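The values are calculated or read from the model by the stated rules, or taken from the named source; none is laboratory data. Keep in mind that this is a model prediction, so the values were computed, not measured. For neighbour counting, all protein chains shown are included, and Cβ atoms are generated from backbone atoms with ideal geometry for every residue, glycine included. What goes into the accessible areas is simple: the full protein's heavy atoms, side chains included, and nothing from ligands, DNA or RNA. Shrake-Rupley method; radii C 1.70, N 1.55, O 1.52, S 1.80 Å.
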Amino acid sequence: MQALNFPQKFIDLVMISVTSPTYSLNINGNKFGFFKGYRGLRQVDRLSPLLFTICMEYLSRILGVVATQDGFRFHPLCGHLRLNHLLFADDLLLFCKGTAPSIMWILRAFATFSSASGLCLNRTKSEIYFNGVNSGTVDDILQVSGFHRGSLPLKYLGVPISSKKLTKTESQKLTDRIVARIRG
């Protein structure tokens, strides 16, 4: 929040609510116990969606800066939009040309974000996908990034994602799932 220039008073109030939660157990309508939380913000906290959005805004801005750096190259189908990332709910999709310098810029962005937010990339839940990249470059990128290589097509929200265009039916299926997820 400091990096986004939020007022210090607001930051202090948020930090109090994040660092000082206490809990009781409700059993058959009666409260029992009283204990302090130790893990910080939880998904059920009312501030979670707001704070998550603030964090993702900061990451978005960092990735926007990455797009302007020498050596970073957009994925060939994303360059005209200057698109290098999409955020949806708690998913992050990154796009770049399959070159080591582009990947290094993405990794630097994550290091900057992690340093400022305390949040870390979970490499066991992350995959990298290649199409049309020579095997030597793939090996170099996998070694440097530490990501697991995924294979296309993959399924996102139940819809196959591949290097080919989605059919009209697949596109409609994706749209329907996104709408359903938004409506909750």
Positions within the range 91-132 being open to solvent by 40 Å² or more (accessible area, probe 1.4 Å) and of a type in the set (Val, Ile, Thr), in sequence order: Thr112, Thr124
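Could you list all residues from the range 132-165 that are at negative phi and more than 23 Å from the chain's Cα centre (by Cα)?
Looking only at the range 132-165, we keep the residues that are at negative phi, and these are 133-145, 147-156, 159-165.
Passing the criteria: Val133, Asn134, Ser135, Gly136, Thr137, Asp139, Asp140, Lys164, Lys165.
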Pick from the range 133-156, criterion in contact with an Asp or Glu (Cβ under 9 Å, 6 or more places away or on another chain) and either in contact (Cβ under 8 Å) with a residue 40 or more places away in the chain or open to solvent by less than 70 Å² (accessible area, probe 1.4 Å) (or both), ranking: nearest to Ala111 (Cα to Cα): Phe147
Pair list, Cβ < 6 Å and 6+ apart or interchain, from the range 158-180 residues that are open to solvent by 100 Å² or more (accessible area, probe 1.4 Å) to residues that are hydrophobic (A, V, I, L, M, F, W, C): Arg177/Leu157
Options Leu63, Leu50, Leu87, Leu81; residue that is hydrophobic (A, V, I, L, M, F, W, C), at pLDDT 80 or above and within 21 Å of Met104 (Cβ to Cβ): Leu63
Residues of the range 60-73 satisfying the condition of being open to solvent by less than 40 Å² (accessible area, probe 1.4 Å) and either within 30 Å of Pro49 (Cα to Cα) or of a type in the set (Asp, Glu) (or both): Ser60, Ile62, Leu63, Gly64, Val66, Ala67
Tally, over the range 12-47, of residues that are of a type in the set (A, V, I, L, M), surrounded by fewer than 14 Cβ atoms within 10 Å (Cβ to Cβ) and modelled with pLDDT under 75: 1
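Could you tell me whether any residue of the range 77-87 is touching a strand residue (DSSP E or B) at 6+ places or on another chain (Cβ under 9 Å) and either of a type in the set (Val, Ile, Thr) or open to solvent by 70 Å² or more (accessible area, probe 1.4 Å) (or both)? Outline the logic, then answer.
Of all residues in the range 77-87, those touching a strand residue (DSSP E or B) at 6+ places or on another chain (Cβ under 9 Å) come to 84-87.
The next check asks that each one be either of a type in the set (Val, Ile, Thr) or open to solvent by 70 Å² or more (accessible area, probe 1.4 Å) (or both); those that pass are 86.
Within the range 77-87, one or more residues are touching a strand residue (DSSP E or B) at 6+ places or on another chain (Cβ under 9 Å) and either of a type in the set (Val, Ile, Thr) or open to solvent by 70 Å² or more (accessible area, probe 1.4 Å) (or both).
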Residues (under 19 Å from Phe74 (Cβ atoms) and either in contact with a strand residue (DSSP E or B) (Cβ under 7 Å, 6 or more places away or on another chain) or assigned to a strand (DSSP E or B) (or both)) located in the range 148-166: Ile161
